[in-house]
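**Student:** Once you've had a glance at the structure underneath, I'll fire off some questions.
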Amino acid sequence: MNIPTRVLPKDILDSLKRTRPIYALGRRMRFAFGSRLGARKVPGLSGRAHYNDFMLSSANADHVGSYRRGAQQTVDLLGRSLVEAGRDWESVEACLEVGCGYGRIVRELRDRLDPSRIYVTDVIAEGARFTASEFGATAIPVIERSAETMPGKFDLVYLLSVYTHLRRDLVARNLAAVARTLKSGGVLVFTTHGQGSAETAERYDQYWLDKNAILEGMAREGYYYERYPYYYDEYGLTWFRRDAMRAFVAEVAPELKFVAHHPMGAEGHQDVFVYRKR
Ligand SMILES: C[S@@+](CC[C@H](N)C(=O)[O-])C[C@H]1O[C@@H](n2cnc3c(N)ncnc32)[C@H](O)[C@@H]1O
């Protein structure tokens, strides 16, 4: 069955988003329907894709191609980050993806790392469960709740497009928990929206977003966050200036040592930060 993840055209979706209760109800119904349908084979992808995989807009060949390329580039980026931190794939006994969604990256990571070494977690429990069962990884509870039970477990933890959506205090909680789960010498890779993204914020094509407000926030305090106005959850779009992020990590997780920062180094618009635990 060829049902796109995004069912409605953007202009209709945008007008629904202006009435939050209606949008929220529609979204809940869409996800409940996707959960019922489960997963299907999509030409061009190894393993099935879940109907709720919001990273795959449709089964159209162009969308599938960019979904897959983005994930492959992320795996390459993780390999380069390991080398920058003085490690390599062979030395990774346990790797965790925080915010795995429905397994876009793990699907490709299996070519580099045996799935028995891959752990996943997401606040969307269905996504983590699907990623684990479809790709042979192990799902763990959200890291803010489970870090205490697994200190020093992972050689590599990565978050792609997660801190790009969280308010600063929620990033702090997550980062402190992630740092706890890293082995000494373990590597952390995460992405943010940085200055380059702020200066080109029109690319996000969000009717509610004010680019000047983002630039002012970045200039004033090196940070800007705005919740999606059509969500009830605390989830939106977040920007951090490089120096602000470095100071923030030093404060929240001082056991992490800075390794590298690559402006716009991921997906063409996200900054990449690499840290290593002392
Ligand atoms: C934009 S998606 C990216 C998914 C995946 N990393 C990828 O690139 O394909 C962000 C994901 O982060 C998850 N997320 C947000 N906050 C989280 C948290 N505190 N712990 C785990 N996952 C979280 C969301 O549920 C969502 O699946």
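Values quoted throughout were computed directly from the atomic coordinates according to the rules given, and no laboratory measurement underlies them. Keep in mind that this is a model prediction, so the values were computed, not measured. Quick reminder, even Gly has a Cβ in these numbers, built from the backbone with ideal geometry, and neighbours come from all protein chains shown.
**Student:** How big is the convex hull of the Cα atoms of the stretch 164-203, per residue, in Å³?
**Tutor:** Values: hull volume 3.2 nm³, N = 40.
Taking the convex hull of the Cα positions in the stretch 164-203, it is 80 Å³ per residue.
**Student:** Still on this model: What ranking do 100-112, 28-40 get when scored by the average of other Cβ atoms within 10 Å per residue, highest first? Intermediate values should be presented prior to the final figure.
**Tutor:** On the way: 100-112: 23.0, 28-40: 13.3.
Descending mean neighbour count gives 100-112, 28-40.
**Student:** Something else now. Per residue, how big is the convex hull of the stretch 200-252 when only Cα atoms are used? Give it in Å³. Numbers along the way, then the final one.
**Tutor:** On the way: hull volume 4.6 nm³, N = 53.
Spread over its residues, the Cα hull of the stretch 200-252 gives 86 Å³ apiece.
**Student:** While we're looking at this one, here's another question. Whole Å is fine, so just give me how far the alpha carbon centre of the stretch 9-66 lies from that of the stretch 117-183.
**Tutor:** Here the answer is 23 Å between Cα centres.
**Student:** Tell me the volume per residue, in Å³, of the convex hull enclosing the alpha carbons of the stretch 1-136.
**Tutor:** Values: hull volume 16.7 nm³, N = 136.
Convex hull volume per residue, Cα atoms: 123 Å³.
**Student:** At 1.002 mPa s and 20 °C, plugging the Kirkwood radius over alpha-carbon pairs of the stretch 6-52 into Stokes-Einstein gives what diffusion coefficient in µm²/s? Intermediate values should be presented prior to the final figure.
**Tutor:** Values: Rh = 12.1 Å.
So the translational diffusion coefficient is about 177 µm²/s.
**Student:** Given Cα pairs under 8 Å that are at least 6 residues apart, what percent is the relative contact order of the chain?
**Tutor:** Working: 489 pairs, mean separation 43.8, N = 278.
Across the chain, relative contact order equals 16 percent.
**Student:** Using Stokes-Einstein with the Kirkwood hydrodynamic radius over Cα pairs, what translational diffusion coefficient do you get for the chain at 37 °C and a viscosity of 0.692 mPa s, in µm²/s rounded to a whole number?
**Tutor:** Diffusion coefficient, whole number: 169 µm²/s.
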